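These notes are about the structure you will find just below.
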Amino acid sequence: MQEIQVLEGISSNTTELKKQFYIESYGCAMNFSDSEIIGSILTEHGYTHTNDEFAANVIFLNTCAIRDNAEKTIRDRLKALRNNKKKNQDLIIGVLGCMAERLKTKLLEEEKLVDVVAGPDSYRDLPKLVAEVEDGNKAINVLLSREETYAEISPMRLNTNGVSAFVSIMRGCDNMCTFCVVPFTRGRERSRNPESIVQEVRDLSAAGYKEITLLGQNVDSYLWFGGGPKVEFKNASEDQKNSAVNFAALLEMVALVDPNMRIRFSTSHPKDISNEVIYTIKKYDNICKYIHLPAQSGNTRVLEAMNRTYTREWYLERVNTIREIIPECGISCDIIAGFCTETEEEHQDTLSLMALSRFGFSYMYKYSERPGTLAQKKMTDDVPEDVKSRRLTEIITLQNQLSLQNNQTFIGKEVRVLVDSFSKKSKDDLSGRNDQNIKVVFPKENYQIGDYVNVKIERVTSTTLIGKAIN
Ligand code: 5AD
Ligand code: SF4
């Protein structure tokens, strides 16, 4: 049975069904963050959020297109949603995000059960798009914008633990890595007004949040010139240069909001991460000593084919500089196995770069050719599937060893943990993360979610530090 709610402020003889939306997010943190912006836009237009897909009038899937299997998962989910449509003829289903942007009208044509298609820059239009469907049409908006940052929208925190929140600082990507579909699905890079970012962080602090993650496809190229389209720094006027806010300055502004609020950020690009940023991380206790620095490959020729615009030596220099300035800094990585034309020796270079960099953690993938990317147009996806799989297994095996070695360095040491949940294995244990973003589990005693707790580490696995709180 559908829940009937009366809109607040409406006199007792005028009852109205408040429409309920249900949203599922797939892929990167940016999508989860966008879903919170969508939640806010819909709520402003009279919708309420439900976690029950069968109670919903509108179901949105906020989708990812980065690899083929991400899209397969979503296609399977769309097929399963046919049952919901059978039970509720008026149910409206919308596909949002990167897959919507990539496939555009194809989704309306192929998947008969999709009613709304909306790309990442068109969420303000969602209430209108849904209304069009209610009028019997299919609705689509996949326009990409050079300006849209949803700057002033205060995101509705969905499925939150009340401790950690994402704050989007920029949108899009101008880098054009040859394997990547993101520049096509999320459009040009634009930075969000720093004042609106700081205000959002203040609001989160006032609401009791203890940790924020600043999000962007390439946070190190964050640059605010007081509005208007992006200008290269070298082409900016003197006035613009004097008032510019770069990522180091933004980090500092955000760190100063609340010394008890942990600041994280993702994702850094090896070509752009500056010493100024590294020194800013060092300067503030509340900026976590952890950098996610995707290398993608450890071989210069492959990096060039990927258009990453740095060499193996450049990457290793950045890692060494980070470690010189902040010896305890955790570094994690993204790696792609079996990119076009990658040889066995080049794959070995990736393994050796991982070992030299001593990554605490990596996200590791097989190369997946994406339609429309430069690699798909100009190169051949010529590494056989079984070779890709074997290389990926080698990469994962090495990373597990490196993670274990890294975690072993914490045995006998005290780490500061922000508790974010109960341990999955036992309600008697709490779980949280240390500064370096490693999971820490310890007996609950009287501690609670949201507490900072000093934990002495007794033993470790490749994924977890295990210990006891120190009073
Ligand atoms: N195939 C495999 N992995 C990819 N990534 C991006 N595009 C592809 C692709 N076509 C990975 C990169 C990136 C992460 C978000 O996803 O490692 O850093
Ligand atoms: Fe894709 Fe490269 Fe941009 Fe990351 S930096 S989103 S991998 S194009």
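Coordinate-derived values only; no laboratory data. If you're wondering where the values come from, they're calculated on a predicted model, not measured in any experiment. Virtual Cβ from ideal backbone geometry, glycine too; neighbours counted across all protein chains shown.
Some observations on this one:
- Taking Cβ separations below 4.7 Å as the criterion for a possible disulfide partner, the isolated cysteines in the chain are Cys28, Cys64, Cys98, Cys173, Cys288, Cys329, Cys333, Cys340.
- Computed over the stretch 147-259, the percent of Cα pairs more than 18 Å apart is 53.
- Rounded, prolate or oblate (a/c below 1.5 giving rounded, otherwise prolate when a/b exceeds b/c) for the stretch 414-469 by Cα gyration tensor: rounded
- Mean separation of Cα contacts under 8 Å, 6 or more apart, over the residue count of the stretch 187-278: relative contact order %: 42
- Charged neighbours of Gly360, selected by a Cβ distance under 15 Å, balance to +4 (K, R count +1; D, E count -1).
- Which of Ala295, His347, Thr280, positive extreme of dipole for the chain (C-beta unit charges): His347
- Taking all C-alpha pairs of the chain, those more than 31 Å from each other amount to 48 percent.
- In the chain, the DSSP beta bridges split such that about 35 percent are antiparallel, to the nearest 5.
- Cα-derived Rg to Rh of the stretch 4-141, Kirkwood definition: 0.97
- Relative contact order for the chain, counting Cα pairs under 8 Å that sit 6 or more residues apart, in percent: 9
- Each part reduced to its alpha carbon centroid, the stretch 26-46 and the stretch 274-312 end up 29 Å apart.
- Straight-distance crosslink candidates among lysines, where the alpha carbon sits under 27 Å from Lys106 and sequence neighbours closer than 8 are dropped: Lys72, Lys79, Lys85, Lys86, Lys87, Lys128, Lys138, Lys366, Lys377, Lys378
- Cα-Cα separations in the stretch 333-445 greater than 22 Å, expressed as whole percent: 50
- Charging the Cβ of each Asp and Glu at -1 and of each Lys and Arg at +1, and nothing else, the dipole of the stretch 164-408 about its Cα centre rounds to 380 debye.
- Point-charge dipole on Cβ atoms (K/R +1, D/E -1) for the chain, about Cα centre, debye to 20: 780
- Whether the stretch 107-193 is rounded, prolate or oblate, judged on the alpha carbon gyration tensor where a/c under 1.5 counts as rounded: oblate
- Reachable lysines, given that their alpha-carbon falls under 27 Å from the alpha-carbon of Lys413 and they are not under 8 places away in the same chain: Lys210, Lys282, Lys283, Lys289, Lys424, Lys425, Lys427, Lys439, Lys444, Lys456, Lys468
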